[in-house]
Amino acid sequence: LTLWTGPGQATTYWIPTDVDFVTVPVDYPTGAEIVATMNGENTLSLQWNIAVGVSGPYLLHAGIEISDEVGGNGDARIQPGESLYIADTCWNIGSDAAFVVVGSMSSPTPGVTILEGNASYGNLAQGDRALGQPFYHCSVAETGLEPGAVAFRFTYSANGVEPRTDSIYATLYMPNLLESGLVIDDANQLLERGEETGIILSILNNGNETL
């Protein structure tokens, strides 16, 4: 877990994998804006924008679960050609309740199409969390993509509460094939007029998924 307070200003905490809950010391002035990034081996990277000591309701993205059981291969990973359902949790970390909380999801990543981009979270008391209903739904193009991160933006609002947006990044898993070498299989390794020879083409998969 890394807490960023400005360019080059960060504090990192190592969190054990065998615990369900950990307390992280926060020593920042009231009203400070912090970007918290969490990542680990074989996990999706998550990012939150956090305001310290806010008054009134404050709605924060608190995690997603990705399902491709219906429109994919069921491994809960984002891959080309899949249809995904995304269960998003909204958390009210403010000092007051938030009423009629609603959210929307968008993505600036090319090839991601939003099929259901609106959800309701009900009323959230101070400290409460809720899953958005219905689940968000999107599709991923089958071609024209590159391995890397897919960006999702979640915007939350409530009665009397200004909308705010959190961005998160999830890994897109896919092979990416490149030509890495070509050899003419004869004595002088030249393709000459009138001769028959073999051609050896080498292909490199520099993606993050086995083909």
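Take residue 110 and tell me if it is in contact with a Gly (Cβ under 9 Å, 6 or more places away or on another chain), more than 22 Å from residue 91 (Cβ to Cβ) and loosely packed, with under 11 Cβ neighbours inside 10 Å. Write out each step before concluding.
Working: in contact with a Gly (Cβ under 9 Å, 6 or more places away or on another chain): yes; more than 22 Å from residue 91 (Cβ to Cβ): yes; loosely packed, with under 11 Cβ neighbours inside 10 Å: yes.
Considered against the rule, which asks whether it is in contact with a Gly (Cβ under 9 Å, 6 or more places away or on another chain), more than 22 Å from residue 91 (Cβ to Cβ) and loosely packed, with under 11 Cβ neighbours inside 10 Å, residue 110 comes out as yes.
Please go through region 157-179 and give me each residue that is open to solvent by less than 80 Å² (accessible area, probe 1.4 Å), among the small types (Gly, Ala, Ser) and more than 26 Å from residue 78 (Cβ to Cβ), ordered by number.
The answer is 157, 158.
Out of the residues in region 68-79 meeting the condition of being in a strand (DSSP E or B) and touching a residue at least 24 places away in the same chain (Cβ under 8 Å), tell me which one is farthest from residue 45 (Cα to Cα).
Ranking the candidates gives 71 first.
Of everything in region 191-211 that's open to solvent by 90 Å² or more (accessible area, probe 1.4 Å) and assigned to a loop (DSSP other than H, G, I, E, B), which residue is farthest from residue 143 (Cα to Cα)? Don't jump to the end; show me each part of the working.
First, pick out the residues of region 191-211 that are open to solvent by 90 Å² or more (accessible area, probe 1.4 Å): 191, 193, 196, 199, 201, 203, 210-211.
Applying the additional criterion that residues be assigned to a loop (DSSP other than H, G, I, E, B) yields 191, 193, 196, 210-211.
Values: 191: 34, 193: 38, 196: 36, 210: 16, 211: 15 Å.
Among residues in region 191-211 that are open to solvent by 90 Å² or more (accessible area, probe 1.4 Å) and assigned to a loop (DSSP other than H, G, I, E, B), the one farthest from residue 143 (Cα to Cα) is 193.
Tell me which strands (runs of 3 or more DSSP E) are completely within region 104-144 and hold 2 or more residues being of a type in the set (S, T, N, Q) and at pLDDT 95 or above, or say none if there are none. Lay out the reasoning, then the answer.
Details: elements: 112-116, 118-124, 129-131, 136-140.
Output list reads 118-124.
List every residue pair whose Cβ atoms lie under 7 Å apart, where the two residues are 6 or more positions apart in sequence or sit on different chains, the first residue falls within region 98-114 and is closer than 30 Å to residue 56 by Cα and of a type outside the set (Val, Ile, Thr), and the second residue, located anywhere, is open to solvent by less than 30 Å² (accessible area, probe 1.4 Å) and in a loop (DSSP other than H, G, I, E, B).
103/132; 104/117; 105/117; 106/117
Anything in region 82-96 that is open to solvent by less than 40 Å² (accessible area, probe 1.4 Å) and either farther than 20 Å from residue 47 by Cβ or assigned to a strand (DSSP E or B) (or both)? List them, or say none.
If we filter region 82-96 for residues that are open to solvent by less than 40 Å² (accessible area, probe 1.4 Å), which is where we start, we get 82-84, 86-90, 92, 94.
Within region 82-96, 82, 83, 84, 86, 87, 88, 89, 90, 92 meet the criteria.
Within region 119-135, count every residue that is open to solvent by 40 Å² or more (accessible area, probe 1.4 Å) and in contact with a Gly (Cβ under 7 Å, 6 or more places away or on another chain).
2
Could you list, in sequence order, the residues of region 136-156 that are open to solvent by 10 Å² or more (accessible area, probe 1.4 Å) and more than 16 Å from the chain's Cα centre (by Cα)?
Once the filter is applied, which keeps residues that are open to solvent by 10 Å² or more (accessible area, probe 1.4 Å) and more than 16 Å from the chain's Cα centre (by Cα), region 136-156 yields 141, 142, 143, 144.
The values are calculated or read from the model by the stated rules, or taken from the named source; none is laboratory data. Treat the numbers as computed from the prediction; the structure is a model and nothing was measured. Positions of Cβ are backbone-derived with ideal geometry, glycine not excepted, and every protein chain shown enters the neighbour counts. Surface areas here come from the heavy atoms of the whole protein model, side chains and all, with no ligands, DNA or RNA. Shrake-Rupley method; radii C 1.70, N 1.55, O 1.52, S 1.80 Å.
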